[in-house]
Amino acid sequence: MAILECKNLYKSYGSTPALAGVSFAVEEGGVVGLLGPNGSGKSTLIKLAMGMLQPTQGEVLVDGKRPCPATKAITAYLPDKDFLSGWMRVGQAISYSADFFADFNRERADGMLSRLGIGKRQRIKSLSKGTREKLGLILTMARDAKLFILDEPIAGVDPAARDFILDFIMGNRPQGSTVFLCTHLIADIEPILTHAIFLNCGKIALDEEVASVRKRTGKTLDELFREEFKW
């Protein structure tokens, strides 16, 4: 069974279409890139998968079910916006997540905090933007989830930090889990991807294993992406 599947998915905002007939299936265990330029419908698709929006037509399934409490219980979601409460201390954020998510691995979270040098007594509002982003990533990756949905996790950081974040994601994901990563920074994430989905103007332009793409075209994903989305 696919861990994430879209079937003829449409989403419109008034008369403006954001997704137009999107269909694909993501098998368990891989690292899948949802790739496309800004405005291509990536974040809309993720919000549909998380049950934050309702489709205009078609359906999106997580582990065979439409978005519901059961699917959210197995999905760890990192939004593209800062979601942390500034008044909390780091330790309180950890405790809050542990209380809220039954699969939250406090030992893993503590280990990641120690590795990154983030103290539990620190107020979140006193943290730098980069440290807040790292804390958000810790709270997401500390879960023993089946599916990790990460919306633009490297968009706001410098190139050196991008490598660190990607290594961090790969090093802390539970065995057998699936990572569904949304971004327009293809060259940075290409080394970790097993499968790529190109989204263009709300439609699927590519849905293929990364190794197959390279063999078929003789090009990297980044080269193919630049051709597909050139101005």
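The values are calculated or read from the model by the stated rules, or taken from the named source; none is laboratory data. As the structure is a computational prediction, the values presented were derived from the model and not from experiment. Ideal geometry is used to build each Cβ from the backbone, glycine not excepted, and the neighbour counts take in all protein chains shown. Protein only, heavy atoms only, side chains kept; ligands, DNA and RNA dropped before computing areas. Shrake-Rupley method; radii C 1.70, N 1.55, O 1.52, S 1.80 Å.
In segment 205-220, the qualifying residues are those that are among the hydrophobic types (A, V, I, L, M, F, W, C) and closer than 16 Å to HIS184 by Cβ, and the one that is most open to solvent (accessible area, probe 1.4 Å) is ALA205.
Residues considered: SER12, SER23, SER85. Of these, the only one that is surrounded by fewer than 18 Cβ atoms within 10 Å (Cβ to Cβ) and in contact with a Cys (Cβ under 8 Å, 6 or more places away or on another chain) is SER23.
Entry remark, segment 154-164: residues being open to solvent by 20 Å² or more (accessible area, probe 1.4 Å) and touching a residue at least 24 places away in the same chain (Cβ under 8 Å) number 7 in total. Condition check: open to solvent by 50 Å² or more (accessible area, probe 1.4 Å), farther than 23 Å from LYS81 by Cα and touching an Asp or Glu at 6+ places or on another chain (Cβ under 9 Å). Does ARG226 satisfy that? No, not satisfied.
Looking across segment 212-230, just one residue is among the aliphatic types (A, V, I, L, M) and closer than 18 Å to ALA25 by Cβ, and that is VAL213. Being free of Cβ contacts under 8 Å to residues at least 12 places away in the same chain and within 21 Å of the chain's Cα centre (by Cα) is the filter; apply it to segment 94-153 and report the residue that is least open to solvent (accessible area, probe 1.4 Å). It comes out as ALA98.
For segment 189-204, how many residues meet the condition of being closer than 21 Å to LEU135 by Cα and surrounded by fewer than 18 Cβ atoms within 10 Å (Cβ to Cβ)? Summing the residues that are closer than 21 Å to LEU135 by Cα and surrounded by fewer than 18 Cβ atoms within 10 Å (Cβ to Cβ) in segment 189-204 gives 0. Identification of strands (runs of 3 or more DSSP E) wholly contained in segment 99-206 with 3 or more residues that are among the hydroxyl-bearing types (Ser, Thr, Tyr) yields no element. Taken across segment 36-50, residues that are within 18 Å of the chain's Cα centre (by Cα) and of a type in the set (D, E, K, R) do occur, with at least one present. Scanning segment 69-93 for residues that are assigned to a helix (DSSP H, G or I) and under 20 Å from the mean Cα position of the chain (by Cα) returns PRO69, ALA70, THR71, LYS72. Of the residues making up segment 65-82, those that are more than 16 Å from LEU181 (Cα to Cα), buried (at least 17 other Cβ atoms within 10 Å of the Cβ) and out of contact with any Lys or Arg (no Cβ under 8 Å at 6 or more places or on another chain) number 1.
The selection criterion, being open to solvent by less than 20 Å² (accessible area, probe 1.4 Å), more than 30 Å from LYS7 (Cβ to Cβ) and either touching a residue at least 40 places away in the same chain (Cβ under 8 Å) or not charged (D, E, K, R) (or both), does not hold for VAL60. Please enumerate the residues belonging to segment 26-42 that are open to solvent by 20 Å² or more (accessible area, probe 1.4 Å) and either within 9 Å of GLY202 (Cα to Cα) or in contact with a helix residue (DSSP H, G or I) (Cβ under 7 Å, 6 or more places away or on another chain) (or both). Hit for segment 26-42 is GLY39, nothing else.
Contact map, segment 43-57: first residue free of Cβ contacts under 8 Å to residues at least 60 places away in the same chain, second residue in a helix (DSSP H, G or I) and buried (at least 21 other Cβ atoms within 10 Å of the Cβ), Cβ cut-off under 6 Å, separation 6 or more or different chains; pairs are PRO55/LEU48.
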